[in-house]
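I have placed the structure first, in the form of structure tokens, so that the comments after it can refer back to it.
The values are calculated or read from the model by the stated rules, or taken from the named source; none is laboratory data. Only a predicted model underlies this, so the values are computations on that prediction, with no experimental measurement involved. Neighbour counts are summed over all protein chains in view; Cβ atoms, including those assigned to glycine, are modelled from backbone coordinates with ideal geometry.
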Amino acid sequence: MLMTMGSTTRRNMSSHNKETDEEFDHRWKAYFERSNIDVLDLPKNEQPFEISSNPLYIGLRQNRVTGKEYDEFIDEFMEAVVQRFGWECLIQFEDFASNNAYRLLERYQKTYCTFNDDIQGTAAVVLAGLFGALRITNTKLIDNTYLFVGAGQAACGIADLVTHAMVREGASIEEARSKVWMYDVHGLIVEGRPQGDLDGPKASYVKKGKALKDLAGVVDHVKPSILMGVSGGGRLFHEGVLKKMAQINERPVIFALSNPTSRAECTAEEAYRETDGRCIFASGSPFKPVVYKDKTFHPGQGNNAYIFPAVALATVACAARHVEEDMFLIAAQVNEN
């Protein structure tokens with residue numbers, strides 16, 4: 001049995017290669033109506049009044065509890081689920097805010113059958129994309145330097161799975177983490193920077209170095225071979241950033257993963273144009289094929305819809321007691337093939 005815990009925001013499924021957005025959305029909605037039991041929907045405090053006041057709204061007409069009361073409520077729910085349905089009932093966390101998502105995953109993943117799609121599902125589909133990119137560059141994960149633009153739950157989830165994969169390939173965890181740099185709204189995440197915290201899941205990736213703010217300057221300083229956009233901020237990969245990536249690398253890997261399209265760090269056309277058609281590009285939102293210098297490029301798309309249904313089905317089918325990190329590594333490997 002699968003249960004989903006989520007906020008009131010709905011996942012925006014993007015289109016499959018051969019389907020319209022509406023067809024793809026309808027297909028997945030129908031699938032989950034048959035197989036998914038959505039049992040806990042936590043209201044947002046900023047939820048529009050017209051939603052909670054609607055006569056058809058079936059949730060509690062009150063603001064979300066916070067702090068200790070919030071944690072006790074989630075604890076009570078988790079205990080009630082296993083008491084009613086057993087320890088093998090899979091509980092999927094969906095669309096939880098960054099301040100809760102990681103800590104709740106760490107709190108429950110070793111004691112319950114649970115996973116967080118936004119953290120782990122996203123990480124797996126991005127890792128699958130990396131495996132495909134590295135076949136083109138003929139390198140291994142450990143051979144590359146990664147710069148994450150954005151240091152929230154998605155970025156840290158991807159970084160954690162990528163470093164986990166490096167360890168599985170023979171690297172030490174220290175060596176693996178040394179390959180990952182992170183950049184947020186306050187600049188490069190380094191010790192002693194004047195602004196921005198260093199706590200939480202990004203703490204594993206704090207470096208010693210200059211506290212740089214300009215992204216093009218950060219790219220020049222870090223010299224990444226792989227640039228990951230997980231910021232939620234549109235057009236951060238401007239001409240200077242993309243050209244710098246092309247100067248540093250023969251085949252720069254550029255993943256602009258934020259969605260919707262308006263929040264993508266760059267468009268496919270911008271990436272191919274500014275790198276003279278040499279980049280390996282993927283995005284979170286779908287982009288149409290790009291014609292550059294008489295060559296047609298088909299942008300890749302990373303969507304965790306390729307991961308979480310299969311992981312959930314496999315977990316339930318084999319009556320797994322826990323959802324292990326290696327399951328997402330295997331899902332990435334299979335998805336890449």
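Here are the criteria: (1) of a type in the set (A, V, I, L, M, F, W, C); (2) crowded, with 17+ Cβ neighbours inside 10 Å; (3) assigned to a loop (DSSP other than H, G, I, E, B). Tell me which single one I254 does not satisfy.
Checking I254 against (1) of a type in the set (A, V, I, L, M, F, W, C); (2) crowded, with 17+ Cβ neighbours inside 10 Å; (3) assigned to a loop (DSSP other than H, G, I, E, B), the one that fails is (3).
I need the helices (runs of 4 or more DSSP H) fully contained in segment 42-154, keeping only those with at least 1 residues that are closer than 30 Å to S283 by Cβ.
Passing ranges, in order: 98-108, 122-137.
Restricting the search to segment 301-321, which residues are in a loop (DSSP other than H, G, I, E, B) and surrounded by 17 or more Cβ atoms within 10 Å (Cβ to Cβ)?
G302, N303, I307
Looking at (1) in contact with a Leu (Cβ under 9 Å, 6 or more places away or on another chain); (2) over 16 Å from P224 (Cα atoms); (3) outside any helix (DSSP H, G or I), find the lone condition where D197 falls short.
Tallying (1) in contact with a Leu (Cβ under 9 Å, 6 or more places away or on another chain); (2) over 16 Å from P224 (Cα atoms); (3) outside any helix (DSSP H, G or I), D197 fails exactly one: (1).
Listed here are the residues, each with its yes/no results for (1) touching a Gly at 6+ places or on another chain (Cβ under 6 Å); (2) closer than 29 Å to K140 by Cβ; (3) modelled with pLDDT under 95.
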| residue | (1), (2), (3) |
| --- | --- |
| Q247 | no, yes, no |
| P252 | no, yes, no |
| F255 | no, yes, no |
| P260 | no, no, yes |
| C266 | no, yes, no |
| E270 | no, yes, no |
| T275 | no, yes, no |
| A282 | yes, yes, no |
| P289 | no, no, no |
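Just to be sure before I move on: is I158 free of Cβ contacts under 8 Å to residues at least 24 places away in the same chain, touching a helix residue (DSSP H, G or I) at 6+ places or on another chain (Cβ under 9 Å) and under 18 Å from E324 (Cβ atoms) in the structure I sent?
So I158 does not fit the description; no.
Please list, ordered by first then second residue, the pairs with beta carbon atoms under 8 Å, 6 or more apart or interchain, first in segment 58-71 and assigned by TED's automatic domain parsing to the domain that holds N99 and on the phi < 0 side of the Ramachandran plot, second surrounded by 11 or more Cβ atoms within 10 Å (Cβ to Cβ) and among the basic types (K, R).
From residues that are assigned by TED's automatic domain parsing to the domain that holds N99 and on the phi < 0 side of the Ramachandran plot, the pairs are R64/K44; Y70/R64.
Looking only at segment 174-228, count every residue that is exposed (fewer than 15 other Cβ atoms within 10 Å of the Cβ), under 20 Å from A123 (Cα atoms) and acidic (D, E) and tell me the total.
Residues flagged as exposed (fewer than 15 other Cβ atoms within 10 Å of the Cβ), under 20 Å from A123 (Cα atoms) and acidic (D, E) within segment 174-228 amount to 2.
On the given criteria, is V219 over 21 Å from the mean Cα position of the chain (by Cα) and of a type in the set (A, V, I, L, M)?
When the stated conditions are applied, V219 passes them.
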